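The values are calculated or read from the model by the stated rules, or taken from the named source; none is laboratory data. Just so it is clear, the model here is predicted, and its values are computed rather than measured. Please note: Cβ atoms are built from the backbone with ideal geometry, for glycine as well, and neighbour counts cover all protein chains shown. With ligands, DNA and RNA removed, areas are computed over all heavy atoms of the protein, side chains included. Shrake-Rupley method; radii C 1.70, N 1.55, O 1.52, S 1.80 Å.
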Amino acid sequence: MPTTAPDAFGFAAPFDRTGTGSSKWARAGAPGVIAMGLADMDLPGPPAVAAALEHRARHRAYGYTVCDPAGRALVARWYRSRHGVEVDPDWVLLLPCGPRTALRLLLETVRPQAPVLFPTPEWGGFAQLCRAAGLPYRELPLAAGPDGYRLPDGPLPHPAGAVLLSSPHNPSARVWPAADLRALAERAAEAGALLVSDEVHGDLTHPGYVHPVAVATVDAALRPRVVTLNSVGKTFNCSGLPSSFALVPDPGLRARFTEVLAGFGLWEGGLLEQTVQRAALAEGGPWLDALLAHLAAARARLTGRLGPAVRSAPQSSYLLWLDAAALGLPPDGARRALLERCGLEASDGAEFGPGGRGALRLNYALPGPVLDAVLERLERLDRR
């Protein structure tokens with residue numbers, strides 16, 4: 001249970017991002033529209049991160065930095081304290097780039113010849129990265145059950161080069177059960193594939209749910225065939241400062257990955273990246289506890305209002321996956337219709353592959369007053 005009330009960090013107060021160059025609000029377009037599209041929080045970040053950046057900025061030397069080895073132990077300690085799992089510090093690579101770039105560089109490292117597999121609906125970046133890398137890929141439809149989507153439970157296409165997965169699921173915010181994740185890792189290995197688990201929303205698991213960390217959840221024999229990607233960006237609302245870390249149990253793959261990074265002019269560490277990551281992981285726990293309480297309350301209000309339109313009850317993060325038809329919106333024009341009727345900007349489900357047609361994704365990481373306004377505007381759907 002959180003020990004700090006959400007109000008202590010300003011989540012219930014107005015928070016204005018005007019003049020900050022926010023891509024989320026630029027995408028929303030017209031004045032008066034509430035941006036709920038991109039996965040970016042409209043909430044004040046951890047005071048510890050702000051203090052660390054301010055302190056470091058006072059030293060007016062901003063040259064090249066080496067990787068702080070203590071950062072690996074800090075990541076391992078975070079997993080032990082937040083998730084109750086053991087991560088070998090030697091598995092950790094501290095990357096001076098965001099998770100999207102890290103994934104692209106990992107694909108360059110593996111360079112699979114067989115198709116890359118990933119579910120649909122799924123974060124659209126997987127398809128985009130495969131196209132950019134010139135890699136064949138195949139989308140696997142996710143079956144929907146009473147508790148939300150289910151991971152594929154049959155044999156995977158063979159051979160496969162890699163299996164990509166967002167865990168928890170983006171867009172539905174479902175936490176994949178540990179047993180299902182282990183079974184997927186086994187099927188990926190049978191198909192000759194590396195399982196890559198993108199867990200940037202994993203630290204945002206809501207109270208009452210447990211996020212299974214892929215490399216610590218699968219059987220020990222399969223760990224060399226699994227990579228977990230994570231970042232403090234989503235967790236601590238600092239995605240504009242590119243930073244991520246990878247858990248790579250296979251030492252050979254770690255060495256090849258490091259070599260590919262160097263070929264692109266990237267090395268472990270980074271001045272701002274390490275400053276932010278150290279502050280977030282070492283001191284950000286109370287802020288995160290309060291944030292999760294705020295998000296759980298917002299989730300309850302929105303799902304209570306939207307009822308059967310919610311395709312999968314969120315178990316993590318701040319994403320709400322909605323059935324457009326259940327909202328009375330046209331499946332092929334739902335985003336525009338919601339914008340015009342309610343002044344709410346969402347992500348079109350089609351951005352998440354064929355399985356997302358007819359859906360909308362809303363981001364509810366909003367200050368209290370803005371969430372109140374969203375609920376008021378949704379009443380307009382009943383007056384159509």
Across region 353-384, the tally of residues that are in a helix (DSSP H, G or I), touching a strand residue (DSSP E or B) at 6+ places or on another chain (Cβ under 8 Å) and open to solvent by less than 10 Å² (accessible area, probe 1.4 Å) stands at 3
Of the residues in region 309-365, those that are free of Cβ contacts under 8 Å to residues at least 60 places away in the same chain and touching an Asp or Glu at 6+ places or on another chain (Cβ under 6 Å) come to Ala309, Arg335
Tell me yes or no: at least one residue of region 279-298 is more than 17 Å from Asp42 (Cβ to Cβ), in contact with a Lys or Arg (Cβ under 7 Å, 6 or more places away or on another chain) and open to solvent by less than 10 Å² (accessible area, probe 1.4 Å). no
Here are Gly240, Gly269: which of them is without any contact (Cβ under 8 Å) to a residue 60 or more places away in the chain and part of a loop (DSSP other than H, G, I, E, B)? Gly240
Among (1) touching a strand residue (DSSP E or B) at 6+ places or on another chain (Cβ under 7 Å); (2) of a type outside the set (A, V, I, L, M, F, W, C); (3) open to solvent by 10 Å² or more (accessible area, probe 1.4 Å), where does Gly349 come up short? (3)
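Counting only residues that are out of contact with any Gly (no Cβ under 9 Å at 6 or more places or on another chain) and open to solvent by less than 10 Å² (accessible area, probe 1.4 Å), give me the strands (runs of 3 or more DSSP E) lying completely in region 100-206 with at least 1 of them.
Output list reads 148-150, 162-166, 194-198.
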Assuming Arg56 fulfils every condition listed in (1) open to solvent by less than 60 Å² (accessible area, probe 1.4 Å); (2) at pLDDT 95 or above apart from one, which condition is it? (1)
Leading residue by the ranking (modelled with the lowest pLDDT) among those in region 309-327 that are in a strand (DSSP E or B) and open to solvent by less than 10 Å² (accessible area, probe 1.4 Å): Ser312
